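The values are calculated or read from the model by the stated rules, or taken from the named source; none is laboratory data. Keep in mind that what you see is a predicted model, and the values were worked out from it rather than measured. For neighbour counting, all protein chains shown are included, and Cβ atoms are generated from backbone atoms with ideal geometry for every residue, glycine included. What goes into the accessible areas is simple: the full protein's heavy atoms, side chains included, and nothing from ligands, DNA or RNA. Shrake-Rupley method; radii C 1.70, N 1.55, O 1.52, S 1.80 Å.
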Amino acid sequence: MSPAPPALPTLDGALRPRSSPGALRARPPAAAGTARRLVPQLLLAVLCAGYAVGSAFDWGTHEVALIMGDFGLAAAAGTAAVSCVVYGRGPRVRFRPAWLLFGVSSAMAALGNAVWGWYEVVLDEPVPSPSYADLFFLCFAPPAIVGLLVLAKRPVNKAGWVCLALDAWLIGGSLLTLSWSLALAQAAKFDGPSVAHTALSLAYPLLDIALVSMVLALHFRRSPINRTAVNTAIGGLALTVLSDALFTSPLLHNSYRSGQLLDAGWFAGSLLLAYAPWVAPRCASAA
């Protein structure tokens, strides 16, 4: 055995043992955690970018565009549903009802896109309006709104609830006025639309207005616990609502077809919601 390295004197005269030259420095835990989070983030960015590029070029053929625009969105929303439900059913999860509600909301979007694909891809016929797809799409917003209420930091007294209601009413009222004007202008172009079609054309923007109002009003009232996951979930829902608003606008609604670039917004929103519950470490989300 080689003798131990000699000790070195310090300024106060005490002896300090020399460190062994073969000793290895331990990797900081923060750097390891950053590396683990970077891999899924890069994968998420690559998937979203790849889908956006494919949509920009119409996926090469009309058949592939229909498959990716319908069943591709259904797969993305289904992934978000499974991810939120699996995380919500785990042990010691904070805000369990919120993640389960987000899972139900994503499942409705997945079923709506699957029905849309059944008509366009399997049956090779236009999607009727209204259809079962509209029923599933309309059921997307209510669970998401309730989930945001559970996930965000809720007011603790009546005055807080009044302020929250006024904030949501101010945001929703402004958006409602704009959406109502656009809806009336679009309905005026048709000669005698059916009651079901008119109600359906107004139901989509009304539910989107309610959802985006809660997103904006609760954004500044979110809980400081697991803030990264909350911000990611809000970003995914906001991107989905933005895509819905563009879809229902008079400029894009009449010319939309499955597989266009607009689908990239729904795809990215679903993947963000799927990634949201797993952003923070497990211990940070435990009750």
* Asked: Residue check, GLY112 against (1) in contact with a Leu (Cβ under 6 Å, 6 or more places away or on another chain); (2) buried (at least 17 other Cβ atoms within 10 Å of the Cβ), all met but one. Which one?
  -> (1)
* Looking at (1) open to solvent by less than 70 Å² (accessible area, probe 1.4 Å); (2) in contact (Cβ under 8 Å) with a residue 12 or more places away in the chain, find the lone condition where THR61 falls short. => (2)
* Please name all residue pairs, on different chains or six or more residues apart, with Cβ atoms under 6 Å, provided the first residue is in the stretch 124-135 and is in contact (Cβ under 8 Å) with a residue 40 or more places away in the chain and the second residue is surrounded by 12 or more Cβ atoms within 10 Å (Cβ to Cβ). => PRO130/LEU200; ASP134/LEU200
* Asked: Which of the residues spanning the stretch 259-279 are buried (at least 23 other Cβ atoms within 10 Å of the Cβ) and polar (S, T, N, Q)?
  -> SER270
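Return the total of residues in the stretch 136-146 being in a helix (DSSP H, G or I) and without any contact (Cβ under 8 Å) to a residue 60 or more places away in the chain. Even if it seems obvious, please write down each step before you answer.
To start, the set of residues in the stretch 136-146 that are in a helix (DSSP H, G or I) comprises 136-138, 141-146.
From the residues that got through so far, the ones that are without any contact (Cβ under 8 Å) to a residue 60 or more places away in the chain too are 136, 143, 146.
Number of matching residues: 3.
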* **Matching option when the condition is at pLDDT below 65, open to solvent by 30 Å² or more (accessible area, probe 1.4 Å), within 19 Å of the chain's Cα centre (by Cα) and more than 24 Å from GLY69 (Cα to Cα), among ARG282, ARG222** => ARG222
* Tally time: how many residues in the stretch 86-100 are in a helix (DSSP H, G or I) and open to solvent by 50 Å² or more (accessible area, probe 1.4 Å)? -> 4
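Here's the yes/no breakdown for (1) part of a helix (DSSP H, G or I); (2) on the phi > 0 side of the Ramachandran plot; (3) not aliphatic (A, V, I, L, M):
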| site | (1), (2), (3) |
| --- | --- |
| ASP244 | yes, no, yes |
| ARG257 | no, no, yes |
| GLN260 | no, no, yes |
| ALA264 | yes, no, no |
| PHE267 | yes, no, yes |
| LEU271 | yes, no, no |
| ALA274 | yes, no, no |
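ASP208: open to solvent by less than 30 Å² (accessible area, probe 1.4 Å), touching a helix residue (DSSP H, G or I) at 6+ places or on another chain (Cβ under 6 Å) and at pLDDT 85 or above, yes or no? Write out each step before concluding.
Numbers: open to solvent by less than 30 Å² (accessible area, probe 1.4 Å): yes; touching a helix residue (DSSP H, G or I) at 6+ places or on another chain (Cβ under 6 Å): yes; at pLDDT 85 or above: no.
Spelling it out, it is not the case that ASP208 is open to solvent by less than 30 Å² (accessible area, probe 1.4 Å), touching a helix residue (DSSP H, G or I) at 6+ places or on another chain (Cβ under 6 Å) and at pLDDT 85 or above.
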* Kindly indicate whether any position in the stretch 136-149 is in contact with a Phe, Trp or Tyr (Cβ under 8 Å, 6 or more places away or on another chain), aromatic (Phe, Trp, Tyr) and either modelled with pLDDT under 85 or crowded, with 19+ Cβ neighbours inside 10 Å (or both). => yes
* To do: Select, from GLY50, GLY54, GLY103, the only residue that is of a type outside the set (S, T, N, Q) and without any contact (Cβ under 8 Å) to a residue 12 or more places away in the chain.
  => GLY50
* **Boolean, ALA81 is at pLDDT 95 or above, open to solvent by less than 50 Å² (accessible area, probe 1.4 Å) and not in a loop (DSSP other than H, G, I, E, B)** => yes
